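A.B. asks: Here you go, one structure.
The values are calculated or read from the model by the stated rules, or taken from the named source; none is laboratory data. This structure is a prediction, so every number in the text was calculated from the model and none was measured. Every residue, glycine among them, receives a Cβ derived from its backbone with ideal geometry; neighbour counts consider all protein chains shown. Accessible surface is based on the protein model in full, side chains and every heavy atom, while ligands, DNA and RNA are left aside. Shrake-Rupley method; radii C 1.70, N 1.55, O 1.52, S 1.80 Å.
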Amino acid sequence: MADSLDTYITKAMKLWNIPSVAVAIVKDDTVVYLKSFGISDLSTQSKADNTTLFPIWSMGKSFTAFSLALLEEGNRVKLEDKVKKHYPQFKMNNSSYENEMNLIDILSHRMGVETFQGDFLWSESSLNNEKLLQKWSKFSPKHPIRSGFQYSNFGYLIAGEVISNVSKQNWQSFMTNEILKPLSMSNTVLLVNELKKKQNVAKGHIKVNGTIVPIVEGESMKIEPFGGMYSTIDDMIIWIKLHLNKGKIGTTKIFNESIFERVHKPQNIVGKMYLPDGSSPNVNYALGWEVRDYQHREVITHGGAYTGFSSMMGFVPQEKLGFVILTNSDAHELGEALKWQIIDAYLNRNYTNYAQNMYNYTKAGEEWEAKNLSKMQDSVALNLPTILPLNDFVGTYGSDTYGEIQVEIDTPNSLKLKFEHHPQLVATLKYIGNNRFWCEYSQTMFGKVIIPFEIKNNKVIGFELSVHPYVEFTSYLFKRRR
């Protein structure tokens with residue numbers, strides 16, 4: 001199988017234009033496949049190996065949820081406890097949500113907030129966690145609590161505060177002392193300053209105008225309870241083995257089995273998800289893990305993605321099968337395809353080239369986006385006159401959930417936005433009619449969007465800011481302050 005998997009991965013990397021992929025497969029507690037492919041940094045042409053550090057992003061949620069379950073095992077919390085019992089500073093703009101929210105709610109994404117709500121606040125921003133949570137508390141919940149699945153990174157940021165309060169040490173120290181050290185995961189990094197001292201760190205890559213390029217220095221270096229911790233394929237094998245064996249590494253018991261039963265137990269219904277083979281099983285969310293039925297077997301997985309990187313891990317308990325996939329590209333569909341390719345191979349299912357099928361699907365979406373972009377560029381090229389002079393748009397605008405944005409003249413035909421909490425970010429606005437501007441962000445991850453301004457009585461009074469839905473669906477209303 002190894003030779004055919006080598007060939008498959010190499011072809012898929014070329015198809016998706018992915019610089020590096022690291023893959024591990026565990027079967028019956030033995031590592032049966034372990035290999036790193038490609039280049040960890042195109043700018044230096046550094047080769048990836050099994051000690052290359054990758055950010056695992058939301059795969060880190062499984063560690064945070066495990067931390068709280070470990071505290072429960074030690075009788076220091078109950079996961080049914082209200083958040084405010086262990087984190088009195090917890091605030092929401094609806095007191096009933098604030099007082100009712102429990103630890104399972106924040107770990108299983110059933111808080112009632114909109115999916116990704118507030119993620120623009122932390123993405124590439126200078127805000128610390130205290131300020132982030134203060135601003136996030138001003139958002140209004142969109143759904144009744146426990147009424148469905150709404151993925152929230154802030155739920156896990158709150159979980160990190162609970163861990164700190166209960167354990168009397170910060171989240172990073174608790175994770176290091178109580179999880180990483182007992183497991184000898186010595187190459188997993190939880191501090192940005194420590195990461196900067198490391199030599200073998202993968203560089204993230206994104207597609208710009210059809211070409212794969214390294215991300216801008218400084219982007220993506222964020223390590224929080226919701227994701228971002230850096231690890232190696234070797235260290236992540238230990239984590240998968242631990243979950244497959246419910247607390248044992250080899251014959252050595254590290255943690256009690258009851259902790260794994262707790263974090264693997266479904267708590268929230270995600271809904272039907274269509275798989276590459278055409279099936280659509282129900283998916284549930286446990287605590288830091290997705291749980292689904294596939295071919296009459298339980299499959300437990302979680303992915304992670306952020307600008308320039310994507311990752312995937314999981315296991316099939318009945319088959320004693322586990323896997324880890326790390327890449328330095330945000331083409332996360334390859335991880336999904338490879339996940340099912342590995343599982344199908346061990347279930348002796350007929351071969352289907354999921355990577356090619358998913359690439360075809362994704363390419364169609366990219367072509368649609370390209371056509372839409374072309375239409376917007378055509379609108380910009382018309383050079384339509386604004387209803388009011390561009391100078392009338394200049395000023396300071398504010399939002400309670402964000403802060404302030406400066407609107408300035410960029411060129412005689414365009415405006416630019418400068419962000420209080422995103423010092424590296426600039427947005428260029430070009431008019432396309434009907435008080436709308438076409439917005440292009442200087443950091444690719446935030447996308448290209450339409451920004452509508454509100455005008456009353458010949459005065460500009462505000463605008464609605466949005467970013468690419470990959471970052472956040474929620475928009476922000478800004479009103480003129482001066």
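A.B. asks: If the cut-off is a Cα-Cα distance under 20 Å, which aspartates and glutamates reach Lys375, setting aside same-chain residues fewer than 8 apart in sequence?
C.D. replies: Lys375 reaches Glu366, Glu367, Glu440.
A.B. asks: Distances over 19 Å make up what percent of all Cα-Cα pairs in region 338-404?
C.D. replies: 68
A.B. asks: The chain: percent of C-alpha pairs farther apart than 43 Å?
C.D. replies: Of all Cα-Cα pairs in the chain, 17 percent lie more than 43 Å apart.
A.B. asks: Then there's this: With +1 on each Lys and Arg Cβ and -1 on each Asp and Glu Cβ, how big is the dipole of region 411-482 about its Cα centre, in debye rounded to the nearest 20?
C.D. replies: Approximately 400 debye in magnitude.
A.B. asks: Per the helix-only calculation at 222 nm, which mean residue ellipticity applies to the chain, given -39500 (n - 2.57) for every DSSP H run of n ≥ 4 and division by its residues, nearest 500 deg cm²/dmol?
C.D. replies: Result for the chain: -8500 deg cm²/dmol, rounded to the nearest 500.
A.B. asks: Along Cα→Cβ, 7 Å out, is where each label goes; now give me the distance between the ones at Thr30 and Lys416 in nm to one decimal.
C.D. replies: The modelled label-to-label distance comes out at 6.1 nm.
A.B. asks: Let me ask something else. Pull out the extension gain between Ser279 and Leu42, defined as 0.36 nm times the separation in residues minus the alpha carbon to alpha carbon distance; nm, one decimal.
C.D. replies: Between Ser279 and Leu42, full extension yields an extra 81.6 nm.
A.B. asks: To continue, here is another question. Could you give the accessible area per residue of the chain, probe 1.4 Å, as a whole number in Å²?
C.D. replies: 43
A.B. asks: Then there is this: Using unit Cβ charges (K, R positive; D, E negative) and no other charged atoms, how large, in debye to the nearest 20, is the dipole of region 132-242 about its Cα centre?
C.D. replies: 260
A.B. asks: I would also like to ask the following. Pull up the cross-link candidates among the lysines for Lys479, meaning alpha carbon to alpha carbon under 17 Å and not fewer than 8 places away within one chain.
C.D. replies: Filter leaves Lys135, Lys138, Lys416, Lys418, Lys456, Lys459.
A.B. asks: Specify the inter-centroid distance of region 368-437 and region 112-139, based on alpha-carbon positions, in whole Å.
C.D. replies: 23
A.B. asks: If you count, for each residue, the other Cβ atoms within 10 Å and average over each peptide, how do 294-305, 35-46, 232-243 line up from highest to lowest?
C.D. replies: So the order, starting with the most tightly packed, is 232-243, 294-305, 35-46.
A.B. asks: For region 373-383, in order, what is each residue's ³J(HN,Hα) by Karplus, 6.51 cos²θ - 1.76 cosθ + 1.60 with θ = phi - 60°, in whole Hz (x at glycine and Pro)?
C.D. replies: Karplus-based 3J(HN,Hα) across region 373-383 equals 4, 4, 5, 5, 5, 5, 5, 4, 5, 5, 6 Hz.
A.B. asks: Still on this structure, please answer the following. Length gain on complete extension for the stretch Asp293 to Leu388, per 0.36 nm per residue less the alpha carbon to alpha carbon distance?
C.D. replies: So the extension gain works out to 28.4 nm.
A.B. asks: Using label points projected 7 Å from each Cα along Cα→Cβ, tell me how many nm separate Tyr361 and Asn75, to one decimal.
C.D. replies: With each label placed 7 Å out from Cα toward Cβ, I get 4.9 nm.
A.B. asks: Where a ≥ b ≥ c are the square roots of the eigenvalues of the C-alpha gyration tensor, would you call region 145-222 rounded, which needs a/c under 1.5, or, failing that, prolate if a/b is larger than b/c, or oblate?
C.D. replies: Note, shape of region 145-222 comes out oblate.
A.B. asks: Then there's this: Rounded to the nearest 20 Debye, what is the dipole magnitude of the chain about its Cα centre when Lys and Arg each give +1 and Asp and Glu each give -1 at the C-beta?
C.D. replies: 600
A.B. asks: Take each of the peptides 471-477, 343-349, 156-162, average the number of other beta-carbon atoms within 10 Å over its residues, and list them starting from the highest.
C.D. replies: Top of the packing list down: 156-162, 471-477, 343-349.
A.B. asks: Let me ask you something else. Could you give the distance between the Cα centres of region 60-103 and region 229-243, to the whole Å?
C.D. replies: A separation of 25 Å, based on Cα centres.
A.B. asks: Ignoring ligands, DNA and RNA, please state the percent of accessible area on region 282-428 from carbon and sulfur, probe 1.4 Å.
C.D. replies: Heavy-atom surface of region 282-428 belonging to carbon and sulfur, 1.4 Å probe: 47 percent.
A.B. asks: Taking H placed 1.01 Å from N in the peptide plane, check which residues at least 5 places from Asn268 or on another chain put their amide H under 5 Å from its amide H.
C.D. replies: Long-range HN contacts for Asn268: Tyr285.
A.B. asks: Can you compute the label reach from Lys479? Point 7 Å from Cα along the Cβ direction, backbone N cut-off under 16 Å, restricted to region 381-406.
C.D. replies: Only 396-405 pass the distance filter.
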